[in-house]
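The values are calculated or read from the model by the stated rules, or taken from the named source; none is laboratory data. Please read these numbers as outputs of a predicted model, since none were measured by experiment. Don't worry about glycine lacking a Cβ; one is built from the backbone with ideal geometry, like all the others, and counts go over all protein chains shown. Heavy atoms of the whole protein, side chains included, go into the accessibility calculation; ligands, DNA and RNA do not. Shrake-Rupley method; radii C 1.70, N 1.55, O 1.52, S 1.80 Å.
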Amino acid sequence: MPNKERPALVQGNIACGYGALAAGCSFFGGYPITPSTEIAEFMARELPKRGGKFIQMEDEMGSLAAVIGASIAGAKAMTATSGPGFSLMQEHIGFAYITETPIVVVNVMRGGPSTGLPTMTSQSDTLQAGFGTHGDYYAVAFAPSSVQEVFEYTVKAFNAAEFLQTPVVLLMDETLAHMREKFIYPPTDSIEVINRKKPETPFAWFKRFEMTPDCISDFPAFGDGYRYHITGLVHDPMGFPTAVSSEIVKSAEKLRDKILIHKDRFTYYEKFMTDDAIWLIIAFGTAARSAKQAVIEARHHRMKVGLLQLYTIWPFPDELIAELSRNVEGIVVAEMNMGQLIREVKKACPRKLPILGANRYDGVLITPDEIIHSLKAVHGSKEK
Amino acid sequence: MGPKSPIYDYLRYKKKFPTVWCPGCGIGTIMGAIIRAVMSLGYDKNDVVMVSGIGCSSRMPAYVDFNTLHTTHGRAIAFATGIKLAKPHLKLIVVTGDGDGLAIGGNHFIHAARRNIDITHILINNSIYGMTGGQYSPTTPRRAFAYTAPYGNIEPDFDVVELGIAAGASFVARTAVYHIIQMGKIIEKALKHKGYSLVDVISQCPVLYGRLNKMRSPVEMLLWQKEHTVDIKVAAKKSPEELEGKYIVGIFKDDPDMPEYVSEYQKLIDSLKE
């Protein structure tokens, strides 16, 4: 294990595997797909050594079904996939959401739609991670940008999933997944691990989906002696299907409020040179690393630029964007797609500002120069 | 049979009854048979998990007092696979229909059978999509009518038993709602069997299949089952011509020695400890 005395050169996908094990993951169900497969291979190797289980299912729908089943039986469970597989999994992400089942879905983004660019990088599933399943849905998705952060945010993804009892998506991209960087395994006692809330009430009084002030209900595993019903139908606090208006509304609002009440706790971001910035770049994932370099280079040219790097993509941190936009004259959203997060940024800005995208969608990592080019354009648009 | 009958201990009768099933439907009879099999085997209810997909048959878990999971269309077996792997001591009963289990869920079915994972799969086969109102399924016979086969079905149907054996299930049987005693015995054996146990239960849907195929009453449909089923021992003495159009019922395969998936996985874990 790479530790402080002995750091190692580790691939992003492998760091994801280390993170999952550190968080207590004991079940992986998956289906081979580039560029995420190394995560499955790592888990196939490591889980049985620790008494955990790995299964290669017959397709991605089956993978996520097995993962949800394992979670209901009490295991911390995950899958890893990429574009087409992520599309196939959407129905079960919705199922995990409505049944309040904690699972972690890693989506290593490649170019799309369809088979797209299987071996090239992209951030074009960003909106899909937020709105991919049918029905009203409040998603949780994190996006790390370095190998070390992949470890950290895989643990955080499990913690958020377990705490909120909801599916959490870890958005990586091909660059991050296959890049090898210095990685230090942090001291085990420094890693915070959160487990789902277990019941203290006896079975007779137990309600799996009970309305609570913080919208978090007790979640015993199947086999723990609490026999209850789980369904993908809209259900009452006992878990049985309902068609009563008041219960339908309460159930939908519980799922929403559960995410929104705890939004601050799971909103992760980093500000870089934003204190005196009059131009702001917003980016996430590997694009944020190019953006950071763009800030450094622009500062050499006396442009007062800062970076807001988002680690939490969903729920989108509207308040944070609104607050930061107050003191700037223009924003550039750098992302490796045709402009997805920029829509959210525009919605979140309370006043009219020039907001431009720095976009690249040819399967290649965006460069600092391209971001600076957009910075100059946003700068120019203000002067006109 | 009043609420004092022991079967009530296994039903959520105070909360969920009456059921959604139409008058004359066969699913309730099958539910009764499953519960009686669990009772006679003396399983602890806390150890029994019933998983289903989508369709009429898939509403069954809501009515029984086990750990119950009503999942997405066709995927019940894949959910059950995850539960069984994570907690191997649990008894997994998967209930599917013919559309749910063989069309949208066909892939999960054959692969679970291939793994020979210890799950009991009760396939309630009424040859029609009931919940959506009467469309043809992979087991609708040729020339039978359905709302999506208004001129008669031109597709051949699956033989569930042959499919299960070919896919690698270690216990494969067929029975019918009419043969209630046989059904109970077969389900009990299927539950006891360690490995993938598949039970194809011919059931009746008088409201849709029956109405469209000139068997409007449940009694007519049950008599059809009586006339069109032949016990496997009797069938062995008959010619192929005599068996034309008949469904053989009984146990086709019962192999306790085939390696079971979860046990194999445990062996793998144990070997890595050494």
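Here are the numbers:
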item: Check on A:Ala80, in contact with a helix residue (DSSP H, G or I) (Cβ under 8 Å, 6 or more places away or on another chain) and within 11 Å of chain B (Cβ to nearest Cβ); result: no
item: Residue under evaluation A:Leu164, criteria (1) closer than 18 Å to A:Pro237 by Cβ; (2) open to solvent by 50 Å² or more (accessible area, probe 1.4 Å), criterion not met; result: (2)
item: Subset of segment A:29-44 [open to solvent by less than 20 Å² (accessible area, probe 1.4 Å), over 17 Å from A:Leu88 (Cβ atoms) and within 14 Å of chain B (Cβ to nearest Cβ)]; result: A:Met43
item: Top-ranked residue of segment A:217-234 - restricted to ones that are more than 8 Å from every other protein chain (Cβ to nearest Cβ) and open to solvent by less than 10 Å² (accessible area, probe 1.4 Å), ranked as farthest from B:Val48 (Cα to Cα); result: A:Ser217
item: Output for segment B:63-87, where each listed residue is part of a helix (DSSP H, G or I), touching a helix residue (DSSP H, G or I) at 6+ places or on another chain (Cβ under 6 Å), more than 7 Å from every other protein chain (Cβ to nearest Cβ) and within 16 Å of B:Leu123 (Cβ to Cβ); result: B:Ile77
item: Selection within segment A:23-52 - among the small types (Gly, Ala, Ser), under 20 Å from the mean Cα position of the chain (by Cα) and closer than 18 Å to B:Ile83 by Cα; result: A:Gly24, A:Ser26, A:Gly29, A:Gly30
item: Options A:Leu21, A:Leu64, A:Leu47; residue that is open to solvent by 20 Å² or more (accessible area, probe 1.4 Å) and at pLDDT 95 or above; result: A:Leu21
item: Residue within segment A:92-104 that is within 27 Å of A:Lys182 (Cα to Cα) and in contact with a strand residue (DSSP E or B) (Cβ under 7 Å, 6 or more places away or on another chain) present; result: yes
item: Counted residues, segment B:101-131 - those being free of Cβ contacts under 8 Å to residues at least 60 places away in the same chain, farther than 18 Å from B:Phe171 by Cβ and away from chain A (no Cβ under 13 Å); result: 1
item: Selection from segment B:156-173 of residues that are more than 18 Å from B:Ser137 (Cα to Cα) and open to solvent by 10 Å² or more (accessible area, probe 1.4 Å); result: B:Ile165, B:Ala166, B:Ala167, B:Gly168
item: Selection from segment A:299-319 of residues that are farther than 17 Å from A:Ala143 by Cα and either crowded, with 21+ Cβ neighbours inside 10 Å or not assigned by TED's automatic domain parsing to the domain that holds A:Asp276 (or both); result: A:Val305, A:Gly306
item: Set B:Gly28, B:Gly55: member being more than 19 Å from B:Ile186 (Cα to Cα), more than 9 Å from chain A (Cβ to nearest Cβ) and of a type outside the set (Lys, Arg); result: B:Gly55
item: Meets criteria (crowded, with 16+ Cβ neighbours inside 10 Å and either more than 26 Å from A:Ala65 (Cβ to Cβ) or in the same structural domain as A:Ala377 (by TED's automatic domain parsing) (or both)) for A:Phe284; result: yes
item: Residues satisfying the stated conditions in segment A:366-384, i.e. open to solvent by 50 Å² or more (accessible area, probe 1.4 Å) and in contact with a strand residue (DSSP E or B) (Cβ under 6 Å, 6 or more places away or on another chain); result: A:Glu370, A:Lys382
item: Residue list for segment A:298-325, filter: modelled with pLDDT of 95 or more and of a type in the set (D, E, K, R); result: A:Arg299, A:Lys304, A:Asp318, A:Glu319, A:Glu323
item: Close pairs from segment A:117-133: first under 14 Å from A:His178 (Cβ atoms), partner assigned to a strand (DSSP E or B), Cβ under 6 Å, at least 6 apart; result: A:Leu117/A:Arg110; A:Leu117/A:Gly111; A:Pro118/A:Arg110; A:Met120/A:Gly111; A:Thr121/A:Asp173; A:Ser122/A:Met109; A:Ser122/A:Arg110; A:Ser122/A:Gly111
item: Residue within segment B:144-154 that is touching a residue at least 24 places away in the same chain (Cβ under 8 Å) and open to solvent by 60 Å² or more (accessible area, probe 1.4 Å) present; result: yes
item: Where A:Tyr185 falls short, out of the listed (1) over 24 Å from the mean Cα position of the chain (by Cα); (2) away from every other protein chain (no Cβ under 14 Å); (3) farther than 30 Å from A:Ile321 by Cβ; result: (1)
item: Any pair with Cβ under 8 angstrom, 6 or more apart, that starts in segment B:33-51 at a residue that is more than 14 Å from chain A (Cβ to nearest Cβ) and ends at one that is charged (D, E, K, R) and open to solvent by 10 Å² or more (accessible area, probe 1.4 Å); result: B:Ala37/B:Glu188; B:Ser40/B:Glu188; B:Leu41/B:Glu188; B:Leu41/B:Lys192
item: Qualifying positions in segment B:46-73 - closer than 26 Å to B:Tyr265 by Cβ, out of contact with any Ser or Thr (no Cβ under 8 Å at 6 or more places or on another chain) and not hydroxyl-bearing (Ser, Thr, Tyr); result: B:Asn46, B:Asp47, B:Val48, B:Phe66, B:Asn67
item: Number of the exception - A:Ala157 against (1) out of contact with any Gly (no Cβ under 7 Å at 6 or more places or on another chain); (2) open to solvent by 10 Å² or more (accessible area, probe 1.4 Å); (3) closer than 27 Å to A:Ile366 by Cα; (4) of a type in the set (Gly, Ala, Ser); result: (2)
item: Residue among A:Gly69, A:Gly94 that alone is without any contact (Cβ under 8 Å) to a residue 24 or more places away in the chain, closer than 23 Å to A:Phe222 by Cα and within 12 Å of chain B (Cβ to nearest Cβ); result: A:Gly69
item: Residue match in segment A:249-267 (condition: within 14 Å of chain B (Cβ to nearest Cβ) and open to solvent by 60 Å² or more (accessible area, probe 1.4 Å)); result: no
item: Close pairs from segment A:161-175: first assigned by TED's automatic domain parsing to the domain that holds A:Gly112, partner part of a strand (DSSP E or B) and of a type in the set (D, E, K, R), Cβ under 6 Å, at least 6 apart; result: A:Glu174/A:Arg110
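To keep it simple, each residue is scored yes or no on (1) surrounded by 18 or more Cβ atoms within 10 Å (Cβ to Cβ); (2) of a type in the set (Lys, Arg); (3) within 19 Å of the chain's Cα centre (by Cα); (4) within 22 Å of B:Val207 (Cβ to Cβ).
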site: B:Asp9; (1), (2), (3), (4): no, no, no, no
site: B:Arg12; (1), (2), (3), (4): yes, yes, no, no
site: B:Gly26; (1), (2), (3), (4): yes, no, yes, yes
site: B:Gly32; (1), (2), (3), (4): no, no, yes, yes
site: B:Ile35; (1), (2), (3), (4): yes, no, yes, no
site: B:Asp44; (1), (2), (3), (4): no, no, no, no
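Condition check ((1) without any contact (Cβ under 8 Å) to a residue 60 or more places away in the chain; (2) farther than 30 Å from A:Thr119 by Cα) across all residues:
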residue	(1), (2)
A:Asn327	yes, yes
A:Lys346	yes, yes
A:Leu356	yes, no
A:Thr367	no, no
A:Val378	no, yes
